[in-house]
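All remarks here apply to the structure that follows.
The values are calculated or read from the model by the stated rules, or taken from the named source; none is laboratory data. In this text the structure is predicted, and so the values were computed from the model without any measurement. Neighbour counts are summed over all protein chains in view; Cβ atoms, including those assigned to glycine, are modelled from backbone coordinates with ideal geometry. Please note that ligands, DNA and RNA were not included when accessible areas were found on the heavy atoms of the full protein model with its side chains. Shrake-Rupley method; radii C 1.70, N 1.55, O 1.52, S 1.80 Å.
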Amino acid sequence: MNEDFISTVSHELRTPLTSIRGFSQTMLASWDKLDDESKKKFLKIIIEQSNRLINLVENMLSVTKLQDAKDDIIFKEVVIKPVIDMICSIIKNQYPDKSFDVQISALNILADKDKFQQVMTNLIENAAKYGDYNSKITVKAVNIDDFVSISVINKGLEIKKEDCEKIFTKFSRIDNPLTRKVQGSGLGLYITKTLVEKMGGQIKVKSENGLTTFEVLFPASNIERQARVKCKQ
Ligand SMILES: Nc1ncnc2c1ncn2[C@@H]1O[C@H](COP(=O)(O)OP(=O)(O)O)[C@@H](O)[C@H]1O
Ligand SMILES: [Mg+2]
């Protein structure tokens with residue numbers, strides 16, 4: 001497993017590095033011959049590929065951390081709305097064409113706040129990344145028994161039934177024109193699923209009628225649960 005991981009990682013690292021080196025060498029060697037437009041284009045590629053490397057390294061560190069037995073989960077009561085609102089505003093900056101509709105009518109959850117944030121960032125980022133241009137992303141949270149169900153819904157190219165399990169494994173990206181156009185390491189959903197399960201939750205995906213929904217279930221916070229039972233009585 002580890003050797004596999006190292007060889008995949010080396011390949012993933014080499015691709016952007018080769019491109020950064022190639023474009024810098026070309027610029028240096030042909031500086032006087034290149035017009036400003038071309039120079040700008042090359043620099044843009046260098047920045048894009050550097051971002052890809054940073055992203056990859058960050059994701060790989062997360063994967064390593066998942067295997068670290070000392071990386072405990074610190075369960076606390078988490079109020080979900082402010083976390084989700086903050087993530088949406090960060091992602092809106094990166095994807096200004098997207099609009100966000102956040103509907104939270106759920107109790108607080110019991111989770112590790114940082115890890116919850118990482119999970120929601122991955123899902124909302126994917127929805128923005130793979131969603132149709134100028135489309136809306138909906139984030140909904142409702143209570144289901146002792147759990148809080150949070151759904152992230154986007155309009156866009158569907159994930160085929162046969163790919164619905166595969167996308168949660170390491171380095172898996174679906175081969176379609178859309179995925180080829182946007183960058184990614186294929187580690188996000190693997191990290192997300194592992195974190196959700198570590199926190200006693202579940203993740204599900206549904207993709208039909210042009211809508212893709214990723215649903216995560218987290219245990220509702222005990223304090224809130226007790227309060228709700230009291231209200232019912
Ligand atoms: N909201 C979505 N809509 C369509 N496809 C998606 C969506 N989220 C994830 N995918 C598919 O699942 C793959 C794996 O996702 P992920 O693990 O986050 O990796 P990455 O985003 O780095 O490619 C993506 O490459 C994409 O093909
Ligand atoms: Mg992703």
Being more than 16 Å from ligand 1 (Cβ to nearest atom), surrounded by 16 or more Cβ atoms within 10 Å (Cβ to Cβ) and part of a helix (DSSP H, G or I), is that true of even one residue in the stretch 90-102?
yes
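In the set Phe100, Phe23, which member is among the aromatic types (Phe, Trp, Tyr), at negative phi and in the same structural domain as Gly201 (by TED's automatic domain parsing)? Outline the logic, then answer.
Values: Phe23 fails: in the same structural domain as Gly201 (by TED's automatic domain parsing).
The conditions single out Phe100.
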In the stretch 164-194, which residue that is in a helix (DSSP H, G or I) and more than 8 Å from ligand 1 (Cβ to nearest atom) is nearest to the chain's Cα centre (by Cα)?
Lys193
Of (1) within 25 Å of Asp68 (Cα to Cα); (2) modelled with pLDDT of 95 or more; (3) away from ligand 2 (no atom under 13 Å from the Cβ), Asp114 satisfies every one except (2)
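For the stretch 163-177, give me each residue that is in contact (Cβ under 8 Å) with a residue 24 or more places away in the chain and either open to solvent by 60 Å² or more (accessible area, probe 1.4 Å) or farther than 13 Å from Ile203 by Cα (or both). First the steps, then the outcome.
Residues of the stretch 163-177 in contact (Cβ under 8 Å) with a residue 24 or more places away in the chain: 164, 167-168, 170-171.
Selection gives Lys170, Phe171.
Specify which of the listed residues (Lys115, Lys98, Lys161) is farther than 19 Å from Gly184 by Cβ and over 14 Å from the mean Cα position of the chain (by Cα).
Working: Lys115 fails: over 14 Å from the mean Cα position of the chain (by Cα); Lys98 fails: farther than 19 Å from Gly184 by Cβ.
The unique qualifying residue is Lys161.
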Counting only residues that are within 16 Å of ligand 2 (Cβ to nearest atom) and of a type in the set (Lys, Arg), which one in the stretch 120-171 is farthest from Val196 (Cα to Cα)?
Lys129
